[in-house]
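What follows is one structure encoded as structure tokens, with my remarks underneath.
The values are calculated or read from the model by the stated rules, or taken from the named source; none is laboratory data. Quick caveat: nothing in here was measured; it's all calculated off a predicted structure. Glycine gets a Cβ as well: all are built from the backbone with ideal geometry, and neighbour counts include every protein chain shown.
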Amino acid sequence: MIKKFKFHFYALDIELPKNIFNTEDLSDLEYMLKELKGATKPKNVYRLNGYYSFCRHIKDNVFCFEKHRQTDIPTIGKITDNSEREISLRKDETIIEKNYFLINPEVGYIVYQEKNEGFRAQTLIGYFKQFMNITKVNITQILQKSAYEKLLKLGYIKGIEYNIATPNDKILKEFGVSIEERALYNTKFNISVKIGLEDKEPIGLFNFLSDIQKKITRNSNNIKKLTIKGSEKEDSNLTEVNMLKDILEVISPIRVLDKNEMEDDIISELKKCNTIYKEEIKGLIKNE
């Protein structure tokens, strides 16, 4: 059986406290990568978003990000009658879901195999923070080269449009919704917001876009649409960039056997993505 998987790319920025870690002339990311390869269970199993998590080193710079859950256990049924039975787990057993990723320490990015059942890439932020006991970790999704080219031409931001599904107070606050307006919303609502900017002066585009991308990455489960409209000059035609669709993405067929992705195929695809896009990503990150 063949199943198609998406592979996305994320810029990775980590800063280790120099007074705590001896990086041995390695970059902060190279040092963390070296330590991550030595992670063990149960020492480096952490609670993230209500689940247990572990980064298992496979080989080279490839890892499996394991999501372990002991709740919402599926039931087993038959197609010949209506009988069902629950899966019985021992105290130390879990249902495990896997995502695979590759770290490129030279350029500073992650190639991540996306999968609905596992963790989103931004959950790695929480794992890395706990693993190294640090606070400075950022993961930002990398856009297509054509999207960056359009963004770099913008001198004026004319409007922003975004949809947030089941927003909580924290997300609304992060997107600038006032405390009075937040009180009107319920978490069961989906919110669609269109903002037309009246300011005729150009804004600090680099800081603005960097902030937007970080917000998207942190809240990727909730943000369903985020479009930026702008123009090169104050009175020139509008350009539109979809910050969720105009991303660097590879869709690849992976062999599936008994519902488990063939690990060799995924590792091969991660390495292939890294090889093909390394130089392009180096230029994109440099020009961000």
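Selection of first residues in the range 25-37 that are more than 10 Å from ILE14 (Cβ to Cβ) and of second residues that are polar (S, T, N, Q) and surrounded by 18 or more Cβ atoms within 10 Å (Cβ to Cβ), restricted to Cβ pairs under 9 Å at least 6 apart or on distinct chains, gives the following pairs, ordered by first then second residue: LYS37/ASN61.
State which residue is nearest to TYR10 (Cα to Cα) when the search covers only the range 107-141 and only residues that are hydrophobic (A, V, I, L, M, F, W, C) and assigned to a loop (DSSP other than H, G, I, E, B). Among them, the one singled out is ALA121. State yes or no: is ILE76 in contact with a strand residue (DSSP E or B) (Cβ under 9 Å, 6 or more places away or on another chain), assigned to a strand (DSSP E or B) and either without any contact (Cβ under 8 Å) to a residue 40 or more places away in the chain or outside the structural domain of TYR10 (by TED's automatic domain parsing) (or both)? Considered against the rule, which asks whether it is in contact with a strand residue (DSSP E or B) (Cβ under 9 Å, 6 or more places away or on another chain), assigned to a strand (DSSP E or B) and either without any contact (Cβ under 8 Å) to a residue 40 or more places away in the chain or outside the structural domain of TYR10 (by TED's automatic domain parsing) (or both), ILE76 comes out as yes. Just one of (1) assigned to a loop (DSSP other than H, G, I, E, B); (2) touching a helix residue (DSSP H, G or I) at 6+ places or on another chain (Cβ under 6 Å); (3) not aromatic (Phe, Trp, Tyr) fails for ILE103. It is (1). The condition (being over 24 Å from THR140 (Cβ atoms), among the hydroxyl-bearing types (Ser, Thr, Tyr) and either assigned to a loop (DSSP other than H, G, I, E, B) or modelled with pLDDT under 70 (or both)) is satisfied by just one residue among THR217, THR187: THR187.
Do you know which of the residues in the range 50-81 that are β-branched (Val, Ile, Thr) and touching a Phe, Trp or Tyr at 6+ places or on another chain (Cβ under 8 Å) is surrounded by the most Cβ atoms within 10 Å (Cβ to Cβ)? Step by step, filter the range 50-81, then rank; the result is VAL62. Pairing each residue of the range 228-251 that is over 30 Å from VAL111 (Cα atoms) and outside the structural domain of ILE157 (by TED's automatic domain parsing) with any residue that is part of a strand (DSSP E or B) and not aromatic (Phe, Trp, Tyr), provided the two are 6+ apart or on different chains, yields no C-beta distance under 9 Å. Of the residues TYR112, TYR100, TYR127, TYR162, the single one that is under 25 Å from the mean Cα position of the chain (by Cα), surrounded by 20 or more Cβ atoms within 10 Å (Cβ to Cβ), of a type in the set (Ser, Thr, Tyr) and not assigned by TED's automatic domain parsing to the domain that holds ASP265 is TYR162.
For LYS225, the conditions (1) at pLDDT 80 or above; (2) in contact with a Phe, Trp or Tyr (Cβ under 7 Å, 6 or more places away or on another chain); (3) of a type in the set (D, E, K, R) are fulfilled apart from (1).
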